[in-house]
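Scroll down for the structure; my scribbles are underneath it.
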Amino acid sequence: MADLPIEFDATRASELARVLDTEGKITRALEGLGPVADRDVLLIDAPADGIRGRQLAGVGARVTACALGDAGAASADVLVSCWTSFRGVDAAEMAAAERALRPGGRLLVLHDYGRDDVSRLRGDQPEYGAWSRRDGPFLRGGFKIRVVHCFWTFASIDDGQTFLADAFGAVGETVAAGMTRPRITYNVAVYHRSFG
């Protein structure tokens, strides 16, 4: 179950949840692309009572959650996937989404976009290159993309530097050394398309 873009132990995951997108830009983008308010939203591979589920409910979505493999038994206006499913465009995953969505339903797929401080921490990832290109799997597969420019925002520069060094080791120390404000840049891609 992915509620965060990076798997950490419970302590670091709690800290990342606290600092990730404190301005709520991801949730506003999902609302703008769905919309999700007053609609049945199926959250894929993340808990309904987790971070993303609570944020979607906070803007008026009726949120349920399930694994992508179980989505076909559901019926929703919007499917939201965060980081783990739809890692490219797979025919079986698209068929599961289409079965779960009502006519005119929206599929919103959240992935890291790259070209930011966080991508420097994580190294090469498929989502940082081919996925966002015109000939990549999403845009070639009928999706559009919205890039959301977010931050990991810490209480202070020292807090940020400590977290990055502890969580990411030497590369975290390198990124932390360049901090001039108590935040690092984080770009998120929301791949979106309608069905029916």
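The values are calculated or read from the model by the stated rules, or taken from the named source; none is laboratory data. Model, not experiment: these values are computed from the prediction. We place every Cβ from the backbone using ideal geometry, glycine too, and count neighbours over all the protein chains shown.
Name the residues in segment 1-23 that are out of contact with any Gly (no Cβ under 8 Å at 6 or more places or on another chain), more than 14 Å from residue 186 (Cα to Cα) and in a loop (DSSP other than H, G, I, E, B), would you? 2, 7, 8, 9, listed by residue number. Of note, residue 8 does not satisfy the criterion of being touching an Asp or Glu at 6+ places or on another chain (Cβ under 6 Å) and aromatic (Phe, Trp, Tyr). Evaluate segment 62-74: report whether one residue or more is in contact with an Asp or Glu (Cβ under 7 Å, 6 or more places away or on another chain), free of Cβ contacts under 8 Å to residues at least 40 places away in the same chain and either assigned to a strand (DSSP E or B) or surrounded by fewer than 20 Cβ atoms within 10 Å (Cβ to Cβ) (or both). Yes - at least one qualifying residue is present in segment 62-74. Checking each residue in segment 94-138 for being part of a strand (DSSP E or B) and over 17 Å from the mean Cα position of the chain (by Cα) picks out 101, 102, 103, 104, 105.
Where residues in segment 178-196 are more than 30 Å from residue 104 (Cβ to Cβ) and under 20 Å from the mean Cα position of the chain (by Cα), which of them is surrounded by the most Cβ atoms within 10 Å (Cβ to Cβ)? Across segment 178-196, the extreme among qualifying residues is 186.
Note on segment 150-177: among residues that are touching a strand residue (DSSP E or B) at 6+ places or on another chain (Cβ under 9 Å) and not hydrophobic (A, V, I, L, M, F, W, C), the one that is surrounded by the most Cβ atoms within 10 Å (Cβ to Cβ) is 160. Selection within segment 60-90: residues that are among the aliphatic types (A, V, I, L, M) and modelled with pLDDT of 90 or more. The member of this set that is nearest to residue 112 (Cα to Cα) is 80.
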